[in-house]
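Enquirer: First, the structure itself, so that you have it in front of you.
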Amino acid sequence: MRGLIAADQVLRIPLLPVLAAQGLSVRRNAQMLPEPTGPRNGRSGRGPRLRLLVCGDSSAAGVGAGTQAQALSGQLVDRLAKHYSVEWQLEATTGHTTLDTLDRLKSLQGEFDAVVTALGVNDVTRAVTSRQFAQRQRQLITALSNDLGARRIVVTGVPQMNRFPALSHPLAWVLGRQAARLDQALQQVVSAYPHVRHLKLDLPDDPALAAPDGYHPSPHAYALWADAAAQLLRQA
């Protein structure tokens with residue numbers, strides 16, 4: 001119901017000391033994994049031409065993998081290159097929000113046939129509201145479609161942050177509830193565009209799917225993500 005305040009939102013104020021302490025602990029104890037080495041653009045495969053853009057935050061950048069070949073972009077290109085001549089480009093940075101990505105895309109030249117985005121975690125941690133997030137995601141889709149010519153867009157859903165191994169309760173609960181709200185808003189945005197698909201990553205609770213920092217995907221998780229994204233792009 002519109003106007004109804006969720007329980008986690010009500011409890012944020014009394015829980016603030018605990019949440020602040022847990023947040024500081026996560027930042028202090030989490031391993032600051034670097035973005036992986038390797039090329040961020042290239043060509044691969046044979047077949048019809050496919051100009052691919054991968055954009056977003058640290059997960060799009062591949063944090064948690066040792067090389068870009070093990071990350072989302074490399075594994076996605078590997079799958080698409082079996083069917084297309086892929087010309088690909090990665091535009092992603094650790095810490096970026098949807099608004100940051102919108103600004104970054106303004107400097108891009110040329111056009112793309114397909115795009116995969118990965119955003120939301122930093123919007124959650126920076127207290128972006130569902131309404132703000134939806135508005136910025138609409139702006140992002142418009143920019144990708146109109147300015148960069150994308151005809152196929154796969155929007156990765158906001159991760160289930162309550163399942164991040166690095167987060168303990170109540171912080172995991174609060175961030176997880178907010179992530180779920182942003183993802184619900186994202187699904188509503190995507191439903192208005194016939195050339196856009198929402199990719200909900202509902203991965204099993206497997207320690208092998210988390211990077212050592214407990215916050216980012218592992219190469220195995222990136223492989224599952226790439227499988228799902230490639231399937232959606234080929235269906236479009």
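The values are calculated or read from the model by the stated rules, or taken from the named source; none is laboratory data. Keep in mind that what you see is a predicted model, and the values were worked out from it rather than measured. Cβ coordinates were reconstructed from backbone atoms using ideal geometry, including for glycine residues, and neighbour counts include every protein chain displayed. Heads up: the accessible areas ignore ligands, DNA and RNA and are worked out on the full protein's heavy atoms, side chains in. Shrake-Rupley method; radii C 1.70, N 1.55, O 1.52, S 1.80 Å.
Enquirer: So how many residues does the stretch 38-85 have that are in a loop (DSSP other than H, G, I, E, B), in contact (Cβ under 8 Å) with a residue 40 or more places away in the chain and under 19 Å from the mean Cα position of the chain (by Cα)?
Expert: 7
Enquirer: Follow-up. From the residues in the stretch 101-132 that are assigned to a helix (DSSP H, G or I) and under 13 Å from the mean Cα position of the chain (by Cα), which one is nearest to V174 (Cα to Cα)?
Expert: Applying the filter and picking the extreme gives V124.
Enquirer: Go through L167, L140 for me and flag whichever is in contact (Cβ under 8 Å) with a residue 40 or more places away in the chain and in a loop (DSSP other than H, G, I, E, B).
Expert: Of the residues listed, the single one that is in contact (Cβ under 8 Å) with a residue 40 or more places away in the chain and in a loop (DSSP other than H, G, I, E, B) is L167.
Enquirer: Can you pull out every residue in the stretch 140-168 that is open to solvent by 60 Å² or more (accessible area, probe 1.4 Å) and within 16 Å of the chain's Cα centre (by Cα)?
Expert: Q160, N162, R163
Enquirer: Run Y193 past the list (1) open to solvent by 30 Å² or more (accessible area, probe 1.4 Å); (2) at pLDDT below 95 and report the number of the one that doesn't hold.
Expert: (2)
Enquirer: Let me ask another. Note down all Cβ pairs under 8 Å where the first residue falls in the stretch 101-112 and is at pLDDT 95 or above, the second is open to solvent by 80 Å² or more (accessible area, probe 1.4 Å), and they're at least six residues apart or on different chains.
Expert: Within 8 Å, the pairs are L102/Q139; L105/D147.
Enquirer: Does the stretch 47-57 hold any residues that are farther than 12 Å from T101 by Cβ and either open to solvent by less than 10 Å² (accessible area, probe 1.4 Å) or touching a Ser or Thr at 6+ places or on another chain (Cβ under 6 Å) (or both), and which are they?
Expert: Answer for the stretch 47-57, where residues must be farther than 12 Å from T101 by Cβ and either open to solvent by less than 10 Å² (accessible area, probe 1.4 Å) or touching a Ser or Thr at 6+ places or on another chain (Cβ under 6 Å) (or both): G47, R49, L50, L52.
Enquirer: Looking only at the stretch 185-236, which residues are part of a helix (DSSP H, G or I) and touching a Pro at 6+ places or on another chain (Cβ under 9 Å)?
Expert: P207, L209, L224, W225
Enquirer: In the stretch 13-45, what residues are over 20 Å from A211 (Cβ atoms), surrounded by fewer than 18 Cβ atoms within 10 Å (Cβ to Cβ) and at pLDDT 95 or above?
Expert: P39, N41, G42, R43, S44, listed by residue number.
Enquirer: Still on this model: Please verify whether the stretch 102-118 includes one or more residues that are open to solvent by 20 Å² or more (accessible area, probe 1.4 Å), polar (S, T, N, Q) and within 30 Å of P207 (Cβ to Cβ).
Expert: No, the stretch 102-118 contains no residue that is open to solvent by 20 Å² or more (accessible area, probe 1.4 Å), polar (S, T, N, Q) and within 30 Å of P207 (Cβ to Cβ).
Enquirer: Further question: Tell me, yes or no, whether the stretch 82-96 has at least one residue that is of a type in the set (A, V, I, L, M, F, W, C), over 20 Å from A221 (Cβ atoms) and surrounded by fewer than 24 Cβ atoms within 10 Å (Cβ to Cβ).
Expert: no
Enquirer: I've got another one for you. Of the residues A150, A228, which is without any contact (Cβ under 8 Å) to a residue 40 or more places away in the chain and touching a strand residue (DSSP E or B) at 6+ places or on another chain (Cβ under 7 Å)?
Expert: A228
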